[in-house]
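Heads up, the thing below is written out as structure tokens.
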Amino acid sequence: MKKRITILGDGAWGTTLAILLSKNGHDVLVWSVFDDHLEELDKKRENKKYLKGIMIPNNIIFEKDLKKAIEFSDYIVFSIPSKFFRSVSQMIKKENITLNKKFFISVTKGLEQKTLKRMTEVLKEELGNIKTCVLSGPTIAIEVAKELPALVVIASKDKEIAKTIQDIFSNEYFRVYTSTDVIGVELGGPLKNIIAVVAGISDGLGFGSNAKAAILSRGIVEIQRLGQKMGAKRKTFYGLAGLGDLSTTCISPESRNRTLGERIAKGEKLEKIIETTDSIIEGATTAEAVYELSKKYKVEMPIVESVYNILYKNLKPIDALKKMMERERKPE
């Protein structure tokens, strides 16, 4: 059945999902805080900044007015970087719109730095007892935009909501599974981003496949350790939102987080990399939050700790590797 769907966010993933949902036969509206960029998207029908070469269907609406964007549909897709997630939620709150019949779908793979909260937690803090769910998995935006096969998972505590969203998003190249483990699916994205930074460092230092395999293997162990402590199911991290997403982000040349690590290994400074990158690199913005979570929950996460020290404490990547390799020997 045709639905009305609002996408909040004009980045690569938000644009990709808008195109996908439009092709699925739904009425789609895109909102962004950047009015000039919305005008460009509406006029040129191409997101040259984030998704060059992919044409945007003419029936997708671009709307500057947030209230109109929210009132347009009952399905609101939050594709907003984690650092701006709360501020956009607060903007919605100020509009005094009735939200109890709307479904909010977070596709953001991040954590709030100061509060260490997940995105759906932020939504509920700001907007009250609303219906929320999380869509995540191994999804490089340009590949999905080119209609290359991809599998994802939608998580909601309400199985009927998950099934409804599954039907809305699914098509011949985008297969959607369902889950009730909201915490696990929502944590998989931000946690794997940090492991991907290490994978990029490994590439930048010229290490081989052995090192990359070790990073993925030990990285998923760290992810599930913290996830379980926070209330997630262990098996979730060996599915699409965990191991699947981790593999893609650590391997793909399109991965911003992997590329960040590669540039760090070659001597570039974090501040300079962020300045010269149009898109938000979630691995950089959430590394500190995950490091703090590991301390809060008393979880041993040597890879996460190394990334934190490299990005924020000026530890040299090669010294971080040496430190990890010299850790106490023990059973796997």
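The values are calculated or read from the model by the stated rules, or taken from the named source; none is laboratory data. All of these numbers come straight from a predicted model, not from anything done at the bench. Quick reminder, even Gly has a Cβ in these numbers, built from the backbone with ideal geometry, and neighbours come from all protein chains shown.
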Neighbours by Cβ (under 9 Å, 6+ apart or cross-chain): first from the stretch 135-157, on the phi > 0 side of the Ramachandran plot; second of a type in the set (Ser, Thr, Tyr) and in a strand (DSSP E or B): 137/177
Sole exception among (1) of a type outside the set (A, V, I, L, M); (2) closer than 24 Å to residue 131 by Cα; (3) crowded, with 19+ Cβ neighbours inside 10 Å for residue 81, by number: (3)
Matching residues, the stretch 166-190, being out of contact with any helix residue (DSSP H, G or I) (no Cβ under 6 Å at 6 or more places or on another chain), under 27 Å from residue 27 (Cβ atoms) and of a type in the set (Ser, Thr, Tyr): 170, 173, 177
Residues that are in a loop (DSSP other than H, G, I, E, B) and farther than 18 Å from residue 91 by Cα, drawn from the stretch 102-124: 107, 109, 110, 113, 114, 115, 116, 117
The one condition in (1) assigned to a helix (DSSP H, G or I); (2) surrounded by 12 or more Cβ atoms within 10 Å (Cβ to Cβ) that residue 280 fails to fulfil: (1)
Residue among 197, 221, 144 that alone is outside the structural domain of residue 316 (by TED's automatic domain parsing) and not aromatic (Phe, Trp, Tyr): 144
Complete set of residues in the stretch 1-45 that are among the acidic types (Asp, Glu) and either in a loop (DSSP other than H, G, I, E, B) or buried (at least 17 other Cβ atoms within 10 Å of the Cβ) (or both): 10, 40
Criterion (of a type in the set (S, T, N, Q), crowded, with 23+ Cβ neighbours inside 10 Å and within 15 Å of the chain's Cα centre (by Cα)) met by exactly one of 236, 286: 286
Residues of the stretch 262-288 classified as among the β-branched types (Val, Ile, Thr) and under 18 Å from residue 219 (Cβ atoms), total: 3
Test for residue 84: is it in the same structural domain as residue 168 (by TED's automatic domain parsing) and assigned to a strand (DSSP E or B): no
Candidates 178, 164 - the one that is of a type in the set (Ser, Thr, Tyr), assigned to a helix (DSSP H, G or I) and surrounded by fewer than 22 Cβ atoms within 10 Å (Cβ to Cβ): 164
Close pairs from the stretch 172-196: first among the small types (Gly, Ala, Ser), partner in a strand (DSSP E or B), Cβ under 8 Å, at least 6 apart: 179/153; 179/154; 179/155; 184/155; 188/136; 189/136
Residue match in the stretch 204-226 (condition: farther than 20 Å from residue 295 by Cβ and among the acidic types (Asp, Glu)): no
Pick from the stretch 294-332, criterion among the acidic types (Asp, Glu) and either more than 23 Å from residue 200 (Cβ to Cβ) or not in a loop (DSSP other than H, G, I, E, B) (or both), ranking: farthest from the chain's Cα centre (by Cα): 328
